[in-house]
Structure formats: C-alpha cells, structure tokens
Amino acid sequence: MTKEEMLRLLSAAYTGPGSAGEGTFAGDVLRACADGMAQLWSMDIDGLERRAFVSSAVGDWLTAVCADRGCVRKEGETDGELRARTLAALAATPASGNGDHYAAWCGQVEGILRVKVLPLARGNGTVDIVAVGRDGKAPAQAVIAEAQAIVDRERPVGADAKVLAATETAVNVTATVTLMDGGDLEAVKTAFDQALADFFRDTALRTNVVSHAKVLRLLLDCEGVADVAGFTMNGSGDSLTMADGAVPVAGTLTLTEVGA
C-alpha cells in the first residue's frame, strides 16, 4: 500500500477539529503517519501472506515457518527439500506407532533423506523401517544407529522395530549416442551421471520401478546429444523392478559415440 493510499484512508477517517488539508496541523500529522505506515507496510507487511506459508516461503522465512511446524532445516538441505519434507509431515497422520509415526521419528536424523516403513516385515508385532541417506544411497551405520535409538525410545511397548539401511542396486547403462556438432562425449557422460544421481535420489524408496523411458529421457536431454540408440539398463531394454528396500544407484555408464 502506498503513502498516498494510506493518506486517503487516514483523511477519510479523520473526525477531529478543523481541516486535514495539506499544510494544516492535522494534515501534516496525517501525512507523517501515512509515510511511516507505508514504510512499515513495504518492509514487514507487504507479501507477508507469501512468507507465512510453507508452500510459498523461501530462505530464512521458510526455515522459520517449517520450524514452527516441527521440521527443522537440516544442514545443506535446500528450500525444495525442506518444503517437500514439511508438507509430507503435515499431510501425515502419526498416531500410536503407525507408519507415519516411525517415518517422523527417523526423519529427525540429520543423515536420513526418507524412509519406507514395512509393517509386519518379520511377522506379527514387527516393523522394518528402511532408510536412505541424504545422497540417495545407503546411510552410514552411525546414522542407522541414531535412528534406531530414537525408535527404541519412542516405539510402543512390545513392538519389534528395526531401522535398516536401504540396499543399493547398481544400474549399469549402455547406449550408442549421436552427438550434435560440437558435442563432447565426456561432457555428456558427466552430465548424464549427475542427472542420473539426482533422479535416483529423488525417487529412492518412493517407487520400486526404475523407468526405462525416464532414464533414457535424462540422456536425451543432456546438452550435445542428438539421438540415442541401443539404450539398456542392466542389459535390458525394459524398466527395472527392484525389491522392497532397494534403491538404485548409478553403476557403469558405457556410452559409445556413433562413428567413433
């Protein structure tokens, strides 16, 4: 809201003696108030509705609103990661040691990205909580031990709950690549390796399927790639299905340039 808009509102509301026109005592007071209120609005109020919600806040504001909702930003955690984790926690319904409760307990650990809860994994009264690290791979044993300590402290009496590291499954890619003019095969390999790591991290424990089409698209989208042929993952031209608790990690990338 501008100073002029503030002044119009204040002048319309003024009921004191005399005129509030420009140059009068009342008018000067109202103008000074309007100026101060406009500055306050621009610095602290304007856009507050965007800063006050998990879905729209960024930076320090996002850190603050997520902390108010019980999700403290982890070291190195991006805005997108913190936002997604907080929204997931808000959508969950943890109660009486259910799956969401175990996920929330393990989510407190700095080195854990996400978990998958497997009820009755070893029979009645048991639950396994499979954890993946911040890099999308199996967490260090110290991270698992920290999560297990929290679960042991919080779990319902009599529940047999174990926190386990995700099992890494290497995905070996083979393909023949046609490069654009000026394209560099080594640069393509580097870009594809990073894109693959990011994709596997994002999908870890969220699905058991490694999509052939989506991984192929990652390679096609690399700068300098004109076309791809003979694309396989672990020797197959189809999507891969992994066991519960397994996460894909980039294995050997064998890219051959057409005509090389």
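Check whether at least one residue in the stretch 184-200 is within 17 Å of Arg114 (Cβ to Cβ), among the aliphatic types (A, V, I, L, M) and either touching a residue at least 60 places away in the same chain (Cβ under 8 Å) or surrounded by 13 or more Cβ atoms within 10 Å (Cβ to Cβ) (or both), and report yes or no. Before you say what the answer is, go through the steps one by one.
Initial filter on the stretch 184-200 (within 17 Å of Arg114 (Cβ to Cβ)): 197-200.
Within this subset, residues satisfying the condition of being among the aliphatic types (A, V, I, L, M) are 197.
Adding the requirement that they be either touching a residue at least 60 places away in the same chain (Cβ under 8 Å) or surrounded by 13 or more Cβ atoms within 10 Å (Cβ to Cβ) (or both) leaves 197.
Among the residues of the stretch 184-200, at least one is within 17 Å of Arg114 (Cβ to Cβ), among the aliphatic types (A, V, I, L, M) and either touching a residue at least 60 places away in the same chain (Cβ under 8 Å) or surrounded by 13 or more Cβ atoms within 10 Å (Cβ to Cβ) (or both), which makes the answer yes.
Please give the number of the condition Gly136 fails out of (1) of a type outside the set (Val, Ile, Thr); (2) within 22 Å of Ala246 (Cα to Cα); (3) assigned to a helix (DSSP H, G or I).
Status for Gly136: all satisfied but (3).
Mind listing whichever residues of the stretch 212-251 are closer than 24 Å to Leu113 by Cα and surrounded by fewer than 15 Cβ atoms within 10 Å (Cβ to Cβ)?
Lys214, Thr241, Ala243, Asp244
Report, by residue number, each residue of the stretch 125-163 that is touching a Gly at 6+ places or on another chain (Cβ under 9 Å) and either in the same structural domain as Gln194 (by TED's automatic domain parsing) or within 30 Å of Leu220 (Cα to Cα) (or both).
Gly133, Arg134
Here is a check on your reading of the model: is Gly80 surrounded by fewer than 18 Cβ atoms within 10 Å (Cβ to Cβ), under 15 Å from the mean Cα position of the chain (by Cα) and in contact (Cβ under 8 Å) with a residue 12 or more places away in the chain?
Here the answer is no, as Gly80 does not meet what is asked.
Could you tell me whether the stretch 174-181 includes any residue that is exposed (fewer than 13 other Cβ atoms within 10 Å of the Cβ), closer than 30 Å to Asp221 by Cβ and assigned by TED's automatic domain parsing to the domain that holds Leu240?
Checking the stretch 174-181: at least one residue is exposed (fewer than 13 other Cβ atoms within 10 Å of the Cβ), closer than 30 Å to Asp221 by Cβ and assigned by TED's automatic domain parsing to the domain that holds Leu240.
Identify all residues within the stretch 185-225 that are of a type in the set (Phe, Trp, Tyr) and either within 17 Å of Glu257 (Cα to Cα) or outside the structural domain of Gly237 (by TED's automatic domain parsing) (or both); write none if there are none. Outline the logic, then answer.
Quick first cut of the stretch 185-225, residues of a type in the set (Phe, Trp, Tyr) only: 192, 199-200.
Answer for the stretch 185-225, where residues must be of a type in the set (Phe, Trp, Tyr) and either within 17 Å of Glu257 (Cα to Cα) or outside the structural domain of Gly237 (by TED's automatic domain parsing) (or both): just Phe192.
Could you pull out the residue among Arg83, Arg114, Arg73 that is touching a Leu at 6+ places or on another chain (Cβ under 7 Å), in a loop (DSSP other than H, G, I, E, B) and outside the structural domain of Asn234 (by TED's automatic domain parsing)? Even if it seems obvious, please write down each step before you answer.
Details: Arg83 fails: in a loop (DSSP other than H, G, I, E, B); Arg114 fails: in a loop (DSSP other than H, G, I, E, B).
Step by step, each of Arg83, Arg114, Arg73 is checked, and only Arg73 is touching a Leu at 6+ places or on another chain (Cβ under 7 Å), in a loop (DSSP other than H, G, I, E, B) and outside the structural domain of Asn234 (by TED's automatic domain parsing).
Please tell me if Ala145 is surrounded by fewer than 19 Cβ atoms within 10 Å (Cβ to Cβ) and under 27 Å from the mean Cα position of the chain (by Cα). Spell out the reasoning first.
On the way: surrounded by fewer than 19 Cβ atoms within 10 Å (Cβ to Cβ): yes; under 27 Å from the mean Cα position of the chain (by Cα): yes.
It is true that Ala145 is surrounded by fewer than 19 Cβ atoms within 10 Å (Cβ to Cβ) and under 27 Å from the mean Cα position of the chain (by Cα).
The values are calculated or read from the model by the stated rules, or taken from the named source; none is laboratory data. Just so you know, these numbers come straight off a predicted model, no measurement behind them. Every residue, glycine as well, gets a Cβ built from its backbone with ideal geometry; the counts of neighbours run over all protein chains shown.
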